[in-house]
Amino acid sequence: MKFEERVDGDYRIYAGALDVLRGDGYIAAVVVNRTSSQHAKGQEVFRDESLACGHRWSTADEALMFALCKAREWIGHQRQHLPTLGDQRAMQV
């Protein structure tokens, strides 16, 4: 198994390459937490413990890279489609 933690703005990414139970290879898994003043440790906003339907990568590095890329893709999608904090305050006025 191989794990990596990264920070992307107010998101914390926990990515992993997990050994498959039977056979050879690794599967990719990821958890994304969003940090805020209300949630110091972060609130889980995305989790997939078997990315790509459990596809097996031959190396841990390949699985880990896929997990990190999927997390960044999800974060990018959220940033494009969710209003920013300033937009939320303007809507409340």
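Look at the alpha carbon pairs under 8 Å that are at least 6 residues apart: their mean separation over the length of the range 2-43 gives a relative contact order of 32 percent. Per residue, the chain exposes an accessible area of 69 Å² to a 1.4 Å probe, with every protein chain left in place.
Where does the longest stretch of the chain lie that holds no trypsin sites (Lys or Arg not before Pro) found in a DSSP loop with 15 or fewer other Cβ atoms within 10 Å? For trypsin sites (Lys or Arg not before Pro) (loop position, at most 15 other Cβ atoms within 10 Å), the longest site-free span of the chain is 57-93. Only Cα pairs under 8 Å and 6+ residues apart enter the sum, and on that basis the relative contact order of the chain stands at 26 percent. Calculated from the alpha-carbon coordinates, the chain shows an Rg and a Dmax of 15.6, 58 Å respectively. A straight chain from V7 to Q38 at 0.36 nm per residue would run longer than the Cα-Cα distance by 9.4 nm.
Within the listed set A67, A15, A52, the residue fluctuating most in the Gaussian network model of the chain (springs between alpha-carbon atoms under 10 angstrom) is A52. Here the Gaussian network model covers the chain, with springs between Cα atoms less than 10 Å apart; of S37, S58, S50, S37 fluctuates the most. Relative to the globular-protein estimate of 2.2 N^0.38 Å, the Cα radius of gyration of the range 1-55 stands at 1.29. The slack between C69 and V45, meaning 0.36 nm per residue of separation minus the straight C-alpha distance, is 7.0 nm. Here the chain is treated with +1 on each Lys and Arg Cβ and -1 on each Asp and Glu Cβ, and its dipole about the Cα centre works out to around 240 debye. Modelled label positions at H77 and A52, each set 7 Å beyond Cα in the direction of Cβ, lie 1.7 nm from each other. By accessible area, using a 1.4 Å probe on protein heavy atoms only, the chain has 51% of its surface on carbon and sulfur.
The values are calculated or read from the model by the stated rules, or taken from the named source; none is laboratory data. All of these numbers come straight from a predicted model, not from anything done at the bench. Because the Cβ atoms are built from the backbone with ideal geometry, glycine has one as well, and the counts that use them run over all protein chains shown. Ligands, DNA and RNA are excluded from the accessible area calculation, which covers all protein heavy atoms including side chains. Shrake-Rupley method; radii C 1.70, N 1.55, O 1.52, S 1.80 Å.
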